[in-house]
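Inspection log for the structure reproduced underneath, given as structure tokens.
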2 protein chains.
Amino acid sequence: MNLLEAIKFDAHGLLPAITQDTASGRVLMLAWMNEEAVRQTLATGFAHYYSRSRQCQWKKGETSGHIQKVVDMYLDCDGDSLLLKVEQTGPACHTHRTSCFYNQRQGHHWMIIEEPVK
Amino acid sequence: MNLLEAIKFDAHGLLPAITQDTASGRVLMLAWMNEEAVRQTLATGFAHYYSRSRQCQWKKGETSGHIQKVVDMYLDCDGDSLLLKVEQTGPACHTHRTSCFYNQRQGHHWMIIEEPVK
């Protein structure tokens, strides 16, 4: 099936996209894509998202330089979430950590298990 | 910070949860949790979600037996998505595939790269 036709965007025209480092296998972040972000990602080979807070298109790394070259792209069984395997330049997280998932559950609390990359 | 207080649920009281196989590193699925699903997961040690289509609480594997024992749990930088590392029993996908992300982008199409487990 055609790439875009198979994707089911939600009522806001968005779907969640998981980004995984193709080298380490680590899950780096979860962000949102609209149809335009999917088109931009396919056209350029670099991850583009839609920022819900800033309400705008967003090329990952456009200001930080921490770009994501898309190696593989997968759509799930329901057509409503994407998985991107990427070559990540620099840290993926805006806090300068490798992954956004740096708060680990330890008992009744979240513990920060990773410091920002210098 | 307290586990539940740190989580930012959306306007529908939900947040996306990514499930990753702790042994293979493979991303298995993306599902949704409400506060009750987080509580159930924490209380039992097995992944519980909220089904948006069926509008009910859902213990993963309650009918199929394909349960997910939660090994680690992470909250992202914005507090609005979760990552669960799990020991998966059987295939994670309702189509009997190991992962829900079995549609791989190949050129202008999605190709099924994985057959159901017998």
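Tell me yes or no: at least one residue of the stretch B:43-52 is assigned to a loop (DSSP other than H, G, I, E, B), on the phi > 0 side of the Ramachandran plot and either more than 9 Å from every other protein chain (Cβ to nearest Cβ) or of a type in the set (A, V, I, L, M) (or both). Looking through the stretch B:43-52, at least one residue is assigned to a loop (DSSP other than H, G, I, E, B), on the phi > 0 side of the Ramachandran plot and either more than 9 Å from every other protein chain (Cβ to nearest Cβ) or of a type in the set (A, V, I, L, M) (or both). Going residue by residue through the stretch A:16-25, is there one that turns out to be within 11 Å of chain B (Cβ to nearest Cβ), open to solvent by less than 30 Å² (accessible area, probe 1.4 Å) and polar (S, T, N, Q)? Looking for residues that are within 11 Å of chain B (Cβ to nearest Cβ), open to solvent by less than 30 Å² (accessible area, probe 1.4 Å) and polar (S, T, N, Q), one finds at least one in the stretch A:16-25, hence yes. For the stretch A:68-100, the candidate set comprises residues that are over 22 Å from B:Cys93 (Cβ atoms), of a type in the set (A, V, I, L, M) and open to solvent by less than 10 Å² (accessible area, probe 1.4 Å); within that set, the residue that is farthest from the other protein chains (Cβ to nearest Cβ) is A:Val86.
Listed here are the residues, each with its yes/no results for (1) β-branched (Val, Ile, Thr); (2) over 23 Å from A:Glu114 (Cβ atoms).
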residue: B:Arg54; (1), (2): no, yes
residue: B:Gly61; (1), (2): no, yes
residue: B:Lys69; (1), (2): no, yes
residue: B:Leu84; (1), (2): no, no
residue: B:Cys93; (1), (2): no, yes
residue: B:Ser99; (1), (2): no, yes
residue: B:Ile113; (1), (2): yes, yes
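Taking residues in the stretch B:103-115 that are closer than 17 Å to A:Val38 by Cα and surrounded by 14 or more Cβ atoms within 10 Å (Cβ to Cβ), and partners anywhere that are among the polar types (S, T, N, Q) and modelled with pLDDT of 95 or more, the pairs with Cβ atoms closer than 9 Å and at least 6 places apart or on different chains are B:Trp110/B:Asn103; B:Trp110/B:Gln104.
Limited to the stretch A:26-42, what total is found for residues that are open to solvent by less than 70 Å² (accessible area, probe 1.4 Å) and either closer than 11 Å to A:Leu82 by Cα or assigned to a loop (DSSP other than H, G, I, E, B) (or both)? Residues that pass the stated criteria total 6.
The values are calculated or read from the model by the stated rules, or taken from the named source; none is laboratory data. Quick caveat: nothing in here was measured; it's all calculated off a predicted structure. Please note: Cβ atoms are built from the backbone with ideal geometry, for glycine as well, and neighbour counts cover all protein chains shown. Accessible surface is based on the protein model in full, side chains and every heavy atom, while ligands, DNA and RNA are left aside. Shrake-Rupley method; radii C 1.70, N 1.55, O 1.52, S 1.80 Å.
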